[in-house]
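Q: Below is the structure I would like to discuss, written out as C-alpha cells.
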Amino acid sequence: MNNTVKCGFRIGGWDVYPQQNLLKSPEQTKAIEPKVMDVLVFLAERQGEVVSRQQILDAVWREVVVGDEVVSRAVSLLRAELGDDQKNARYVKTISKRGYCLVADVILPSSSELRQVESASGAFATAENQTESITRRTVRKPSFTIVTVLVLALAYFAYDIFLLQPESDQNAGDIGNSIAVLPFINISADSDNEYFSDGLSEELLNLLAKIPELRVAARTSSFSYKAKDVNIAHIGEELNVTHVLEGSVRKTGNNVRITAQLVKVDDGFQLWSETFDRTLDDIFVVQEEIAEAVIDELRINLLGSMPEVKQTDPEVYSLYLQGNYFLNIQGEENIEKAFASLNQALAIDPDYAPAWVSLQLAYGYQMRDTPARREELRALQSEAIERALAIDDNLASAWAALAYSRRFHDSDWQGSRIAIEKALRLEPNNAGVLGVAASIASTSGRLSEAIELYEKAVALDPLGLHRLMSLGRRYLRVGRIDDAFVAFDRVRAINPDYPGLSLILGRLYMMRGDVENALLETEKNPDAVYYRHQKANFLYTMGKETEAQALIKELLDTSADEVPAAMATVYAWRGEGDSAFEWLEIAFEQGSARPSAFLGNLFWRKLTSDPRYSAFVEKIGLLEEWKAMPPEYGGPPKQ
C-alpha cells in the first residue's frame, strides 16, 4: 500500500474518503471521527498485517500523550460504523495479545477515479457552497467517485459522530476509572450455592456503581460472560472498560472462602489479589475491603465517603441473594421461589430495605404475567416500595422503582419526575436509574433528553438489549433513521430473535421508503397482535386498500385487549380522526392505551393539528409538555 490509500479506497460495501472523514455505501453516508479514520487508514496501509496498539498509538497519536485505551475505543467505534461483528469479524479482527488486523480486501481506485476523487476533495476543502456534482458511474467494479460535492459538504456538517458508542463523550475522558465485575465462580461442593457467588458479585457491582468517580459496567453486560471462556482483553474491548474484577467463592455451611483479583485489561496484569477466609458474619466487611482495594489500586480520589454496605443477619442476606438469583432467571416457577426466599428474609428482618426493593420487583413480574390480579399486585408493589423508602430514603433503586411505578401505573408525571431526580442524585452512573429517567423524559416529550440518558445507559450496559432497543425507538421518533438502524443492527447481531425487533425494523424501512423490506421484516412476526395493524398501515400506504381492510377485519375478529389501541393507530396512520379518536377513547377507558407512550408517537403525527389531539393530551395531563415539543418531534404544528 502507499499514499493512494489516503486519497480513497473501498473495503467491503464501503467507499472510504479519508480527507473528508466519510464512509459511504449505496444506502447511507457517515461522518466519523478524524482519529477513527486515521486508524482505519493505518490499518488499510497494512492490510493483512497484525499491528499492535503501540504501533497505532505511535502513528495516530504521536503528538499527544494518551493511554492505549484510546485505541480500543477507536476500533470499537470503527466497528460500529462499519457494521462489523467482533466475534465474526469481516473488517477488523482482534488478534489476542498482539493487536489488530484489517482482514477485508482494500481496493484502490483506478487512475481516472483517483483524479476525480482528488478533484472532489479539493473542491470540498475550498468551497463549502459548491453545487456542481460529479455523477457516479453505475458499473460492476467498485466506484470511488463522489455523488456530489454538495452532498459531501452537507454530510460532513449534518452527520454528527454516532453517539451509540461504547461510552458517551462525558465518559471518554475518565475511561481509566472503569471496571466490569464478572460473576464470581462457584467452586463450592454444593452447586446450589451458585446463588451466593452470583449474589456476592452483583452486590460488589452495585456497591462500586455508587461511586461517582468510577464507571462500572452494568450487570446485564457483565453477567453475559458467565460460564464462558472469554479473553479478558475481549471483555474489556466489548464493554469498554480498562479493568476487570473477578474471583471465586467456596461456601461450606457458615464458612466462606472468597478469592478476588483486579486485572488490567490491556496487558492482563494482576494489580491486586487476595483470599478471604471468613464466616458469613463477616461477609459485609469483606465486600467493603474488596471495594476499598479496587479504589486504592485505581488511585481514585473519592470526593465523598465510601458507600455503605447495607448490613443484616447472615441468614437474611443469604435468603435475599437467593431471591435475587431466582428473579434474574425469571419464569413463573422461579418467581414463586423468589417470593418464598424474600418473604422469609423479611420475616426475620423486616427492616432490610434492599429485600423490599427486590420484593416489589417480584410483584411487578407477577403483574406482567397475571394481569387479572393487576390491582391486588399493584397495591402490594406500592406497599413494598413505601416500606423500602421508609427504612432508607437514600436507596436509589427504591426511588427509581417509585418513579417507574408513578409513570407507568399512576400516570403521575410530576411525581415520577421528582422521584427519578432523587435517584439520579444518589447514583448518576446506575444504568437502571438512567433507563428509568430516560423513559420518564420520553413520556414528557423531552426526546432529546431521553436519547442522551439512554445513550449513557447503553454506554454502561452495551449488551443490555432492552436499553439498546429503547434508544433505537427514540432515534426513530426524532427522525434519526440511520442511527436507529445501527442500534437495531447491534441488537440483531447479538440476538436476531429479540422480541419486537422485526416489527420495529419494518417501520424503519417504511420510513426510508423501502416498502419491500418493510413488509419482509413485518411478516417475520405474524403471531403478534400489532402485526396486523402494522401491515394494514403499510398496505394502505401502498394503495392496497382491499388487502388492508381484510387485515383490519381479522384484527377486529380477535378478542385481544390490544385491539382498541391497535385500531386507534390504524386510523391515525390514515389521518381519519373521527375513527382514530373514537377507538382511542375506548382504549383509554379499558386501560390498553398507554398515556406514558403517547407523546411523540409516530402513528399520531398526522393528527396533531386536530383539536381532539390537544384535548386528549390535556386529559392525560401532558398538555404543557406537548406544547413544549418541536413540531418535527410531534409537537404542535407551526401556525
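Q: Apply the a/c threshold of 1.5 to the C-alpha gyration tensor of region 327-473 and tell me whether it is rounded, prolate or oblate.
A: Numbers: a/c = 1.67, a/b = 1.50, b/c = 1.11.
Prolate shape, in that a/c is at least 1.5 and a/b is the bigger ratio.
Q: Given R₀ = 45 Å, what would the calculated FRET efficiency be for Gln414 paired with Asp482, taking r from the Cβ atoms and rounding to 0.05?
A: That pair, Gln414 with Asp482, gives E of 0.80.
Q: Let me ask another. Students often check this: by mean Cβ neighbours within 10 Å, which of 46-55, 422-431, 260-269, 353-362 ranks highest, and how do the rest follow?
A: Result, highest mean Cβ count within 10 Å first: 353-362, 422-431, 260-269, 46-55.
Q: Continuing with this model, one more query. For Met511 and Ser191, calculate 0.36 nm times their separation in residues minus their Cα-Cα distance, and state this gained length in nm to one decimal.
A: 110.1 nm
Q: Indicate, rounded to the nearest 5 percent, the antiparallel portion of the DSSP beta bridges found entirely in the chain.
A: 85
Q: Please report the carbon-and-sulfur percent of the accessible area for the chain; probe 1.4 Å, protein heavy atoms only, DNA, RNA and ligands left out.
A: 48
Q: Could you give the length gained by full extension between Gln86 and Lys619, i.e. 0.36 nm per residue of separation minus their alpha carbon distance, to one decimal place?
A: Here the answer is 187.0 nm.
Q: Hey, another quick one. If you average the C-alpha positions of region 476-492 and of region 553-599 separately, how far apart do those two centres end up, in angstrom?
A: 26
Q: Rounded to whole Hz and in sequence order, give me ³J(HN,Hα) for region 191-204 from the Karplus expression 6.51 cos²θ - 1.76 cosθ + 1.60, θ = phi - 60°, writing x for Gly and Pro.
A: With the stated coefficients, region 191-204 comes to 5, 5, 7, 4, 4, 6, 5, 4, x, 4, 4, 5, 5, 4 Hz.
Q: Now a separate question. Tell me, in nm to one decimal, what length is gained between Thr546 and Glu449 on full extension, where the rule is 0.36 nm per residue of separation less the Cα-Cα distance?
A: Stretched fully, the Thr546-Glu449 segment lengthens by 30.8 nm.
Q: Could you rank Lys251, Lys638, Lys337 by how accessible they are, 1.4 Å probe, largest area first?
A: Listed by decreasing accessible area, they come as Lys638, Lys337, Lys251.
Q: For the pair Glu576 and Asn495, how long in nm is the line joining their label points, each one 7 Å along Cα→Cβ?
A: Taking the simple label geometry, Glu576 and Asn495 are separated by 3.7 nm.
Q: Based on the alpha-carbon gyration tensor of region 466-525 and its eigenvalue square roots a ≥ b ≥ c, which shape applies: rounded if a/c is under 1.5, prolate if not and a/b is larger than b/c, or oblate? If you can, show how the numbers build up before the last one.
A: On the way: a/c = 1.91, a/b = 1.08, b/c = 1.77.
Oblate is the answer for region 466-525, as a/c is 1.5 or above yet b/c matches or exceeds a/b.
Q: If R₀ is 45 angstrom, what is the calculated FRET efficiency for the pair Glu585 and Ser305, using the beta carbon separation as r and rounding to 0.05? Working shown, then result.
A: On the way: r = 53 Å, r/R0 = 1.19.
That pair, Glu585 with Ser305, gives E of 0.25.
Q: Where does the chain land at 222 nm, in deg cm²/dmol rounded to the nearest 500, when only DSSP H runs of n ≥ 4 count, each adding -39500 (n - 2.57), divided by all residues?
A: -16500 deg cm²/dmol
Q: With a 1.4 Å probe and every protein chain left in place, work out the accessible area per residue of the chain in Å², rounded to a whole number.
A: Averaged over the residues of the chain, the accessible area is 44 Å².
Q: Using unit Cβ charges (K, R positive; D, E negative) and no other charged atoms, how large, in debye to the nearest 20, is the dipole of the chain about its Cα centre?
A: Dipole of the chain, to the nearest 20 debye: 2240 debye.
Q: If Lys and Arg each add +1 and Asp and Glu each add -1, what is the summed charge of the other residues whose beta carbon sits under 15 Å from the beta carbon of Asp190?
A: Once all neighbours under 15 Å are counted, the net charge is 0.
Q: Next up: Given points 7 Å out from each Cα along the Cα-Cβ axis, report the Val103 to Leu271 separation in nanometres with one decimal.
A: 3.1
Q: Excluding ligands and nucleic acids, what accessible area in Å² is computed for Leu623 using a 1.4 Å probe, to the nearest 10?
A: Only protein atoms counted, so the area is about 30 Å².
Q: Hey, another quick one. Alpha carbon centre of region 4-35 versus region 178-254: separation in Å?
A: 39
Q: Under 18 Å from the 7 Å Cα→Cβ point of Asp392, by amide nitrogen: which residues of region 193-237?
A: Under 18 Å, as judged by backbone N against the label point of Asp392, lie 199-212, 219 of region 193-237.
The values are calculated or read from the model by the stated rules, or taken from the named source; none is laboratory data. Predicted model only: the values in this text are computed from it and were never measured. Here Cβ is always computed from backbone atoms with ideal geometry, including for glycine, and neighbour counts include all displayed protein chains. All accessible areas refer to the heavy atoms of the entire protein, side chains included, with ligands and DNA or RNA removed. Shrake-Rupley method; radii C 1.70, N 1.55, O 1.52, S 1.80 Å.
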